[in-house]
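Quick note: the coordinates plus some simple rules give every number you see, no bench work behind them. Note that this is a predicted model, so its numbers are computed, not measured.
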Amino acid sequence: MQDDRDVISSVDFKRPLVVRSLRRSNIRKKIAEYLFDISPSGSYTSEIAYNVKTTPTNVIGAIKGMGSRYKTEESLIGLEIVEQITSGKDVKLYRLTDFGKEIIGSFKRE
């Protein structure tokens, strides 16, 4: 079982990777900021795409990873910024995690 120090050190280890990933991809950053703005609610792919002015394919790639353009380990879910919630009959919603809220909150303060 992990103690509090392990959790803190994993967050501290992950923070620079998350910041780098968000700075490398404007789409990832826009999606995370949009989800921050509507938090604690979640949103579905086409609504996110409409609000960040991109395609649903780009949204899925940024959130889950897709091929070489959007690496899975650098995806918003892979970085533990966004979580997928299944609601109803195959409706997938995405919302920020607490870690994601902390990271995007610090970006907005800069």
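A compact table of results
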read-out: Residue-averaged [θ]222 nm for the chain, counting only DSSP H segments that reach four residues, each worth -39500 (n - 2.57); value: -18000 deg cm²/dmol
read-out: Percentage of interatomic Cα-Cα distances in the chain larger than 18 Å; value: 47 percent
read-out: Length-normalised contact order of the chain in % [C-alpha pairs under 8 Å, at least 6 apart]; value: 25 percent
